[in-house]
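All remarks here apply to the structure that follows.
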Amino acid sequence: LDLRNVKGQRRAVEAQIQQAADLILAGELVGLPTETVYGLGANGLDKEAVAKIFAAKGRPQDNPLILHLAGAQWLPIYCKDIPIAAYSLARKFWPGPLTMVLKRANVVPDVTTAGLDTVGVRCPDHGVTLSIIREAGVPIAAPSANLSGRPSCTSAEDVREDMNGKIAAIVDGGPCAVGVESTIVDLTCTPPRVLRAGGVSVEELEQVLGGLLVDSAAVTALEDGQTPKAPGMKYRHYAPKAPVTVVTGAGDVSAKEIKKRLEPQDGVICFSEYVHQFKGYRVEDLGSIEDKQTQAQRVFDALRGFDGTDVKRIFTQCPDNRGLGFAIGNRLKKAAGFQMITPKEKAVVLGLT
Ligand code: TXA
Ligand code: MG
């Protein structure tokens with residue numbers, strides 16, 4: 001750290017915050033860092049600005065956007081009929097990777113919520129973006145900054161790759177600390193319902209809420225004709241160019257299964273402990289099998305890592321469903337279009353006494 005230049009650096013950051021806020025208020029699109037993934041931000045109250053988001057991403061019009069707020073003090077301005085639980089959750093998890101679906105107030109335009117009478121709101125845990133929201137003084141509508149269907153962006157470089165030439169600016173806030181999107185919980189129903197797994201685990205939510213349901217769209221593939229409560233869950237998502245197959249089960253079991261199936265032009269996403277078993281193949285290291293935080297940070301990068309290579313098929317290991325593993329596994333399975341292999345594990349022999 002060059003102490004002589006601290007003041008200069010601070011001035012530069014402050015100037016960037018001001019510039020980004022000005023662009024937002026002028027109706028432009030700005031790529032913004034958050035703790036989960038990079039967002040593609042616009043003034044959430046400005047219909048024309050929000051329409052530009054759908055155009056830049058190639059996003060279906062029926063897929064609502066999340067409003068990013070400066071804090072829980074903004075809830076009563078943009079939402080109504082707010083249950084106490086919303087404030088309990090905000091106190092515990094905001095700023096942070098939790099989106100709450102609440103009844104929307106009339107100031108929120110139809111295009112932001114895709115015509116729904118509810119709105120998704122969250123307060124992101126990133127100092128620069130929080131300052132931009134405060135400076136702009138408006139809620140920032142922001143989907144993940146990837147092109148629709150692609151893996152989400154966890155660096156400014158990823159955003160440039162997908163959005164170059166389509167947006168006014170990208171604020172580089174470094175790599176995303178969480179790496180998977182926010183958990184979405186619908187508080188307009190009883191009991192509350194998890195619509196998307198994400199950075200806050202279901203176990204953590206249960207501790208605050210008690211009763212809680214997990215929507216089937218957050219877990220499995222949809223049957224034909226089913227419509228999920230989070231419209232975005234029905235679209236193919238996170239997909240690299242090569243087809244993906246998820247191999248579930250304990251690390252040594254899935255590694256063995258993948259080895260059995262590999263052909264020369266295949267690629268592998270695996271835990272660090274197994275990288276050495278796939279010499280000669282293109283491998284993306286997901287992080288240690290013990291370290292779900294790193295796996296979450298790595299998962300989209302790993303999926304993007306095969307684009308621009310000649311890999312024909314991708315096989316991936318998958319963490320168990322506990323804690324962050326639920327969200328990481330969900331991203332991998334969605335990237336695979338739920339193409340999965342569940343190898344038979346040896347039955348555990350219980351000692352008879
Ligand atoms: O972590 C995140 O949530 C990131 C960062 C940028 O904040 N944002 C993000 O936005 O993941 P997006 O647009 O990629 O995903 C938002 C999801 C979609 O599946 C959408 O259908 C759902 O949230 N959603 C938004 N508003 C909703 C509402 N009122 N009711 C139900 N689902 C909603
Ligand atoms: Mg997205």
Query - Qualifying residue in region 60-70 (condition: under 23 Å from Pro192 (Cα atoms), among the hydrophobic types (A, V, I, L, M, F, W, C), more than 9 Å from ligand 1 (Cβ to nearest atom) and surrounded by 24 or more Cβ atoms within 10 Å (Cβ to Cβ)) - result: yes
**Report entry** Some residue of region 268-282 being in contact with a strand residue (DSSP E or B) (Cβ under 9 Å, 6 or more places away or on another chain) and in contact (Cβ under 8 Å) with a residue 60 or more places away in the chain
**Finding:** yes
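Among the residues of region 303-318, is any in a helix (DSSP H, G or I) and within 18 Å of Thr154 (Cβ to Cβ)?
Start the filter on region 303-318 by keeping residues that are in a helix (DSSP H, G or I), which leaves 303-304.
Retained after the next criterion (residues that are within 18 Å of Thr154 (Cβ to Cβ)): 303-304.
The answer is yes; a qualifying residue exists.
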Query raised in the report: For region 5-27, does any single residue satisfy the condition of being open to solvent by 10 Å² or more (accessible area, probe 1.4 Å), assigned to a loop (DSSP other than H, G, I, E, B), away from ligand 1 (no atom under 16 Å from the Cβ) and at pLDDT 95 or above?
Result: yes
Query - All positions within region 28-58 that are farther than 23 Å from Thr183 by Cα and either away from ligand 1 (no atom under 14 Å from the Cβ) or assigned to a helix (DSSP H, G or I) (or both) - result: Glu28, Leu45, Asp46, Lys47, Glu48, Ala49, Ala51, Lys52, Ala55, Ala56
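Suppose we filter Pro240, Pro231 for residues that are more than 29 Å from Phe278 (Cα to Cα) and within 16 Å of ligand 2 (Cβ to nearest atom); which single one remains? Step through it out loud before you land on a result.
Values: Pro240 fails: more than 29 Å from Phe278 (Cα to Cα).
Exactly one residue qualifies, and that residue is Pro231.
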Query raised in the report: Which pairs do you get when a residue that is without any contact (Cβ under 8 Å) to a residue 24 or more places away in the chain, found in region 116-137, comes within reach of a residue that is among the basic types (Lys, Arg) and near ligand 1 (Cβ under 8 Å from one of its atoms), reach meaning Cβ atoms under 9 angstrom, with the pair 6+ apart or on two chains?
Result: Asp117/Arg104
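For region 142-156, state whether one or more residues are within 16 Å of ligand 2 (Cβ to nearest atom), open to solvent by 40 Å² or more (accessible area, probe 1.4 Å) and part of a loop (DSSP other than H, G, I, E, B).
Initially, region 142-156 is screened for residues within 16 Å of ligand 2 (Cβ to nearest atom), giving 142-155.
Right, trim to open to solvent by 40 Å² or more (accessible area, probe 1.4 Å) and you get 147-148.
With the extra rule that they be part of a loop (DSSP other than H, G, I, E, B), the set shrinks to 147-148.
Yes; the residues of region 142-156 include at least one that is within 16 Å of ligand 2 (Cβ to nearest atom), open to solvent by 40 Å² or more (accessible area, probe 1.4 Å) and part of a loop (DSSP other than H, G, I, E, B).
Of all residues in region 61-97, which are assigned to a helix (DSSP H, G or I) and touching a residue at least 60 places away in the same chain (Cβ under 8 Å)? Before the answer, list the steps.
Of the residues in region 61-97, the ones assigned to a helix (DSSP H, G or I) are 72-78, 84-93.
Matches in region 61-97: Trp74, Tyr78, Ala85, Ala86, Ser88, Leu89, Lys92, Phe93.
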Report summary line: Out of (1) within 19 Å of Gly179 (Cβ to Cβ); (2) open to solvent by less than 20 Å² (accessible area, probe 1.4 Å); (3) in a loop (DSSP other than H, G, I, E, B), the one Val108 does not meet is (1)
Query raised in the report: If you go through region 166-188 one residue at a time, do you hit one that is more than 16 Å from ligand 1 (Cβ to nearest atom) and polar (S, T, N, Q)?
Result: no
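The values are calculated or read from the model by the stated rules, or taken from the named source; none is laboratory data. Computed from a prediction, not measured in an experiment: that's the story for all the values here. Cβ atoms come from the backbone with ideal geometry, glycine included; neighbour counts cover every protein chain shown. Protein only, heavy atoms only, side chains kept; ligands, DNA and RNA dropped before computing areas. Shrake-Rupley method; radii C 1.70, N 1.55, O 1.52, S 1.80 Å.
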